[in-house]
Amino acid sequence: MTRSPFHSTASRRLICVAGLLLVAVAFVAFATTKARPPKPAELVAVWIGFDSDELDFTRLDLRADFTGYCARVSPADTVLHEYGVAGYRVTKWSVDEWKFIISLTPTTPKAEPIYLRGRYNGFSLRLEVGGTNGEWKRDLVLYRESRIDASNQETRDKIKELEKR
């Protein structure tokens, strides 16, 4: 018994259409799957970074008991450095989906009351910092200190290696 060329072509087309349909369904399924929001334990770390104007450096130490510490200082190469380091106690922090919520209490005499709020994106804290009096606000991006330290050490080592060549 011989097969007709039509039968063979139709079978191939059917297989191609079924394959494309399968790929399309998989693409839609993956495209609509939401990322899992972070668990609080993922944020327990020391976070560091500069305000958007680069005039203040912030260190945020988040603890597993949902407390911690925060300190802010202007870099030594600015006239603002003479104001010293402002210290804060983190009285409570939490995450709601991707939203990062934190309550701060000033602990040093020159520390003005501030707020921190924003989002966690999986690698950094994208925050807004401002005076609770509403007179100022700035964007602030904080990165895990350990992530910066590791990358900084690797690149420093590579440059030392290149200098020896």
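How charged is the neighbourhood of Val90? Take every other residue with its Cβ under 14 Å from the Cβ of Val90, and add Lys/Arg as +1 and Asp/Glu as -1.
Values: positive: Arg59, Arg63, Arg72, Arg89, Lys92, Arg117; negative: Asp61, Asp65.
In short, +4.
With springs only between Cα atoms under 10 Å, which of Glu42, Glu145, Glu112 fluctuates most in a Gaussian network model of the chain? The residue with the greatest mean-square fluctuation here is Glu42.
Under a Gaussian network description of the chain, with springs only between Cα atoms under 10 Å, the residue in Leu125, Leu140, Leu14 that fluctuates furthest is Leu14. Against the chain, whose longest principal axis comes from its Cα atoms, helix 145-163 is set at around 80 degrees.
Restricting attention to the chain, the count of lysine pairs at 8 or more positions apart or across chains with alpha carbons under 23 Å apart stands at 7.
Axis angle, to the nearest 10 degrees, between helix 5-31 and the longest C-alpha principal axis of the chain: 10 degrees. Using the alpha-carbon centroid of each, what span in Å lies between segment 109-165 and segment 59-82? Computed from Cα coordinates, the inter-centre distance equals 10 Å. GNM remark for the chain: springs join alpha carbons under 10 Å apart, and the peak mean-square fluctuation among Ile102, Ile148, Ile114 falls on Ile148.
What does the extension gain come out to for Thr67 and Leu55, with contour length at 0.36 nm per residue minus their alpha carbon separation? Write down the numbers at each step before the final one.
Values: separation 12, 0.36 × 12 = 4.32 nm, distance 2.59 nm.
Stretched fully, the Thr67-Leu55 segment lengthens by 1.7 nm.
Debye-formula intensities of the chain, expressed as log10 I(q)/I(0) at q = 0.16, 0.18, 0.19 Å⁻¹, are -0.97, -1.12, -1.20 (one equal scatterer per alpha-carbon, no solvent).
Before anything else, pin down the relative contact order of the chain: Cα pairs under 8 Å, at least 6 apart, normalised by residue count, whole percent. Mind showing how you got there, number by number?
Numbers: 262 pairs, mean separation 25.5, N = 165.
It rounds to 15 percent for the chain.
A Förster radius of 45 Å, combined with the Cβ-Cβ distance separating Thr107 from Glu163, puts the computed FRET efficiency at roughly 0.55.
Read-outs: derived from the displayed coordinates by stated rules, not from any lab. The model shown is predicted, which means the values in this text are computed figures rather than measured ones. Note that each Cβ is placed from the backbone with ideal geometry, even for glycine, and that neighbours are counted across all protein chains shown.
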